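**Student:** Got a structure here, written out as structure tokens. Questions coming.
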Amino acid sequence: MTSFTDSAATALNLILSLDSNLMAIVARSLWVSAWATMFACVLGLLLGAVLGVARFAGRNAVLAVLNTFLAVPSVVVGLVVYLLLSRTGPLGFLGWLFSFKAMVLAQTFLVLPVVTALTRQVVEDAEGQHGEQLQSLGARALLRSVLLAWDERYALLTVVLAAFGRAVSEVGAVMIVGGNIDGFTRVMTTAIALETSKGDLPLALGLGLVLLLVVLLLNVLVAALRYWREHEEGASSAMPQLGVSV
């Protein structure tokens, strides 16, 4: 057999046998990304919903900055968080550098613009379709943003899943602020990079396969949500009014 087939066979065996080291890395990676996604969604869904409805001076500038943050490399986010948490940084007194908390913070900053921008687009599209109806019922901007976000809840669930996928597949930021410490801050992406450089290809390939399975599961969930949403809209197509009450 070739080196690739040897590595693939060993990697598959690691997954099927639930190798303790591999499972610990996977669990840590999912846990960090779950916390970061939760924090980013708590703030990003609210900000995005408000930006989707509110009209104010300088809004285009705010959106331009938000869209710029979407393209910021993860290593830059990691560098900024590193400087904030370093001993001489403004948040150095927290002692979070090279810890679980630092990794969650870095991923939160990385995912927040994604959640905010996608939510803003979803709510703004809904505002274009139903905003006048809600305004005629006396709903102000904040109430409209909440109602429209609820009406588009299935679409926003796909935003949450996309945010989690972005977090779990990120490598640069968590490597910088977490330090890739074995048994403590090592996650799937950083472990893949390290084990590949060390020549431990079976473990790296096993983690890569698990990461691909996680991404595949997220895509299946997104497709299911889209189908669910289309099915619900089809079932209520005879109702011309917005599916929310004021």
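The values are calculated or read from the model by the stated rules, or taken from the named source; none is laboratory data. Since this is a predicted model, take the numbers as computed values, not measurements. Glycine gets a Cβ as well: all are built from the backbone with ideal geometry, and neighbour counts include every protein chain shown.
**Student:** Cβ-Cβ distance below 7 Å, separation of 6 or more or different chains: which pairs start in region 85-111 with a residue that is within 15 Å of Val168 (Cα to Cα) and end on one that is of a type in the set (Asp, Glu) and assigned to a helix (DSSP H, G or I)?
**Tutor:** Taking only residues 6 or more apart or on different chains, not a single pair turns up.
**Student:** Among the residues of region 1-46 satisfying the criterion of being free of Cβ contacts under 8 Å to residues at least 40 places away in the same chain and β-branched (Val, Ile, Thr), which is surrounded by the fewest Cβ atoms within 10 Å (Cβ to Cβ)?
**Tutor:** Step by step, filter region 1-46, then rank; the result is Thr2.
**Student:** Now for a separate question. Give region 122-143 a look and list any residue that's loosely packed, with under 15 Cβ neighbours inside 10 Å and of a type outside the set (A, V, I, L, M), or say none.
**Tutor:** Correct list: Asp125, Gly128, Gln129, Glu132, Gln135, Ser136, Gly138, Arg140.
**Student:** Output yes when any residue across region 227-237 is buried (at least 18 other Cβ atoms within 10 Å of the Cβ) and either at pLDDT below 90 or in a helix (DSSP H, G or I) (or both), and no when none is.
**Tutor:** So far as region 227-237 goes, no, none of its residues is buried (at least 18 other Cβ atoms within 10 Å of the Cβ) and either at pLDDT below 90 or in a helix (DSSP H, G or I) (or both).
**Student:** Continuing with this model, one more query. Give me the pairs, please: first residue somewhere in region 172-190 and on the phi > 0 side of the Ramachandran plot, second residue anywhere and not in a helix (DSSP H, G or I), beta-carbon distance under 7 Å, and either six or more positions apart or on two chains.
**Tutor:** Taking only residues 6 or more apart or on different chains, the pairs are Gly179/Phe98; Gly179/Thr185; Asn180/Arg186.
**Student:** Could I ask something else about it? Out of everything in region 171-205 that is in a helix (DSSP H, G or I) and small (Gly, Ala, Ser), what residue ends up being surrounded by the fewest Cβ atoms within 10 Å (Cβ to Cβ)?
**Tutor:** Ranking the qualifying residues of region 171-205, first place goes to Ser197.
**Student:** Here is a check on your reading of the model: is Ser17 touching an Asp or Glu at 6+ places or on another chain (Cβ under 9 Å) and hydroxyl-bearing (Ser, Thr, Tyr)?
**Tutor:** no
**Student:** A further question on this structure: Inside region 142-170, can you point out the residues that are within 16 Å of Gln121 (Cα to Cα), without any contact (Cβ under 8 Å) to a residue 60 or more places away in the chain and in a helix (DSSP H, G or I)?
**Tutor:** Hit for region 142-170 is Arg153, nothing else.
**Student:** Being under 15 Å from the mean Cα position of the chain (by Cα), among the hydrophobic types (A, V, I, L, M, F, W, C) and surrounded by 14 or more Cβ atoms within 10 Å (Cβ to Cβ) is the filter here; which residues of region 47-71 pass it?
**Tutor:** Of everything in region 47-71, just one residue is under 15 Å from the mean Cα position of the chain (by Cα), among the hydrophobic types (A, V, I, L, M, F, W, C) and surrounded by 14 or more Cβ atoms within 10 Å (Cβ to Cβ), namely Phe69.
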